[in-house]
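K.L.:
The structure's right below; bear with me while I get my questions together.
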Amino acid sequence: MTIGIVGAGQLGRMLALAGYPLGLDFLCLDPSSDAPAGQVAPLLSGSFTDHALLAELARRCEVVTFDWENVPVAGLRAMQRAHGARIAPPVAALECGQDRVSEKRLFTQLAIPTTRWRAVDSRAELEAAIAAVGLPGVLKTRRLGYDGKGQALLRRRADAGPAWERLGSAPLLYEEWVPFECEVSVIGARGARNQVVIYPLCGNVHGAGILRVTRAPYGPPRWREQAARHLRRVLAHFRYRGILTIEFFVRAGELIANEMAPRVHNSGHWTIEGAATSQFENHLRAILGLPLGATRALGHSAMINLIGRIPPRARLLALEGVHLHDYGKQPRPGRKVGHCTVVEPTAARRDARARGLAAKLAAGVRIP
């Protein structure tokens, strides 16, 4: 059985590596001929909108998924219409996740708390949004923003002009700046016959807009209960198949939805070593209609992203219990090139290991 993956980044790579023990095969499509997943699976090299390549993917694969939320929706819909391709997660969820305004509207519709916000398409609308939402606030592109890109923090009205000059050529969203205590994410899967499994809550630390460290399980049980309740509403709304992630700010002990990701997620990498079934295996099980695996934690995990370059392997592998994942990418400042994970018997030991590793790896963040 062959799974098609539109996108061949590190997430596609880890999907393939999770699927081989299940007897699955993979075929990827990506514009880059040296994409990470292409090192472990056959790769069709070309545009995401190349109809001939999309047709080949549909013909050769039982189901098609994606590893990037900005895959063009039009190409996937054309695959469905012209070739009857089975695509999971649903294209409607992907389309919603590509537009921050659509996400906010969905959260509001499903009674999931989110930030105060306004859509912005002109300088006058930006001024009106500032008046309605207040300062400080964050101006964001509605599409194609990730890892902190396409954003500007407005602390005072004088910041509006420069922010508009930098971002105003694209449709925008203005939202309140949330003085949060921490950031968390919830990851779950929905499969056949409405089966849903949800992982322990993840606590995330970012630096320069990029996820640096994830710890799980994290936070009090009621945070996980809140997050799981919100996640189930989104999964049911889309009649979802696959892994879905929602990221939250925590303010005064309450969860405020920031955004969703209709795919396997960076904050779930700890599940490879730290959960009974990894997010990658559960994604594959879900899109194939197989029974979903248990999501219980096998200990207390910390995942640290390796940004820009992989440190000397001998130095990392000399550290007891450190699991290294090298994505096979060329070094580049700000680029996620790998991650490492530790699993400890207690949260206190995990946090101590995470702080020590972050310092050794110059992760650039303080872990509370």
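The values are calculated or read from the model by the stated rules, or taken from the named source; none is laboratory data. As the structure is a prediction and not an experimental result, all values here were calculated from the model. With ideal geometry, Cβ positions are generated from the backbone for all residues, glycine too; neighbour counts draw on all protein chains shown. Please note that ligands, DNA and RNA were not included when accessible areas were found on the heavy atoms of the full protein model with its side chains. Shrake-Rupley method; radii C 1.70, N 1.55, O 1.52, S 1.80 Å.
K.L.:
Quick check: anything in segment 272-280 in contact with a Lys or Arg (Cβ under 9 Å, 6 or more places away or on another chain), among the aliphatic types (A, V, I, L, M) and touching a residue at least 60 places away in the same chain (Cβ under 8 Å)?
P.N.:
Within segment 272-280, one or more residues are in contact with a Lys or Arg (Cβ under 9 Å, 6 or more places away or on another chain), among the aliphatic types (A, V, I, L, M) and touching a residue at least 60 places away in the same chain (Cβ under 8 Å).
K.L.:
R116 fails exactly one of the following numbered conditions: (1) open to solvent by less than 70 Å² (accessible area, probe 1.4 Å); (2) within 20 Å of M260 (Cβ to Cβ); (3) in contact (Cβ under 8 Å) with a residue 24 or more places away in the chain; (4) of a type outside the set (D, E). What is the number of that condition?
P.N.:
Just one mismatch for R116, condition (1).
K.L.:
Quick one: W68 ticks every box in (1) in a helix (DSSP H, G or I); (2) open to solvent by 30 Å² or more (accessible area, probe 1.4 Å) bar one, so which box is it?
P.N.:
The one condition W68 does not meet is (1).
K.L.:
Here's something else I'd like to know. Is it true that some residue in segment 275-294 is among the hydrophobic types (A, V, I, L, M, F, W, C) and either closer than 19 Å to A354 by Cβ or in contact with a Pro (Cβ under 7 Å, 6 or more places away or on another chain) (or both)?
P.N.:
Step one: list which residues in segment 275-294 are among the hydrophobic types (A, V, I, L, M, F, W, C), which gives 275-276, 280, 284, 286-288, 290, 292, 294.
Those left that are additionally either closer than 19 Å to A354 by Cβ or in contact with a Pro (Cβ under 7 Å, 6 or more places away or on another chain) (or both): 275.
Yes, because at least one residue in segment 275-294 is among the hydrophobic types (A, V, I, L, M, F, W, C) and either closer than 19 Å to A354 by Cβ or in contact with a Pro (Cβ under 7 Å, 6 or more places away or on another chain) (or both).
K.L.:
Go through segment 259-304 and report how many residues are assigned to a strand (DSSP E or B), open to solvent by 20 Å² or more (accessible area, probe 1.4 Å) and closer than 20 Å to N70 by Cβ.
P.N.:
Count: 1.
K.L.:
Please go through (1) open to solvent by 70 Å² or more (accessible area, probe 1.4 Å); (2) more than 28 Å from E254 (Cβ to Cβ) for A192 and return the number of the only condition it doesn't satisfy.
P.N.:
All conditions pass for A192, except number (1).
K.L.:
Further question: Could you tell me which residue of segment 198-214 is farthest from H265 (Cα to Cα), considering only residues that are open to solvent by less than 20 Å² (accessible area, probe 1.4 Å), part of a strand (DSSP E or B) and touching a Gly at 6+ places or on another chain (Cβ under 8 Å)?
P.N.:
Here the residue is G207.
K.L.:
Still on this structure, please answer the following. Kindly provide the set of residues from segment 126-158 that are in contact with a strand residue (DSSP E or B) (Cβ under 7 Å, 6 or more places away or on another chain) and of a type in the set (D, E, K, R), ordered by number.
P.N.:
Selection gives K140, R142, D147.
K.L.:
Please work out if R239 is open to solvent by 10 Å² or more (accessible area, probe 1.4 Å) and either more than 22 Å from V73 (Cβ to Cβ) or in contact with a Leu (Cβ under 7 Å, 6 or more places away or on another chain) (or both).
P.N.:
no
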